[in-house]
Amino acid sequence: EYGAKIRELTSTATDKYRKRLSELLSQFTQDILIQDPRANDERIEKEIAIIADKIDISEELVRLNFHLENFRGTLSKGGSVGKVLEFMLQEIQRECNTIGSKGQDAQVAAYVIAAKAEIEKIREQVQNVE
């Protein structure tokens, strides 16, 4: 549920990020040229790519969805799956943490916190499954 909300929020925030990135890029380009007047477009493009990679959460959302689907599938199998579910929850928690650290939006952060609270509740329940 939170993954879908985060995905929706980040997809509609593209224009906001584009505007902010454009402002940062303008300042960044000026800073680079002040530090090194010989800096070229290639160096600036590399720096932009690094920044863009640092804030892109699309891979994390794909992995989060994958882990959630696996979790549901494993849970529906029944039987002695407690430890497997605990390991899956660790991976889900990891993806949420990464999304939270990369997130550039307060609403994304709120969803991440809510998701982590739900993960803790599930973790407590899973400890009783065997």
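Does Glu130 fit the bill of being on the phi < 0 side of the Ramachandran plot and at pLDDT 90 or above? Lay out the reasoning, then the answer.
Values: on the phi < 0 side of the Ramachandran plot: yes; at pLDDT 90 or above: no.
Taking the combined requirement at face value, the residue does not satisfy it.
For the condition within 13 Å of Gly3 (Cβ to Cβ) and either among the β-branched types (Val, Ile, Thr) or touching a residue at least 24 places away in the same chain (Cβ under 8 Å) (or both), what is the one hit in Leu85, Leu61? Break it down stepwise before answering.
Working: Leu85 fails: within 13 Å of Gly3 (Cβ to Cβ).
Criteria check complete, one pass: Leu61.
Answer yes if at least one residue in segment 55-68 is farther than 22 Å from Ala117 by Cα and modelled with pLDDT under 70, and no otherwise. The answer is no, given that none of the residues of segment 55-68 is farther than 22 Å from Ala117 by Cα and modelled with pLDDT under 70. Restricted to segment 78-115, and to residues there that are open to solvent by 70 Å² or more (accessible area, probe 1.4 Å), of a type outside the set (A, V, I, L, M) and more than 17 Å from Phe66 (Cα to Cα), the residue that is modelled with the lowest pLDDT is Gln104.
The values are calculated or read from the model by the stated rules, or taken from the named source; none is laboratory data. Since this is a predicted model, take the numbers as computed values, not measurements. Reconstructed Cβ throughout: ideal geometry from the backbone, glycine too, with neighbour counts over all protein chains shown. Side chains included, ligands, DNA and RNA excluded: accessible areas come from the protein's heavy atoms. Shrake-Rupley method; radii C 1.70, N 1.55, O 1.52, S 1.80 Å.
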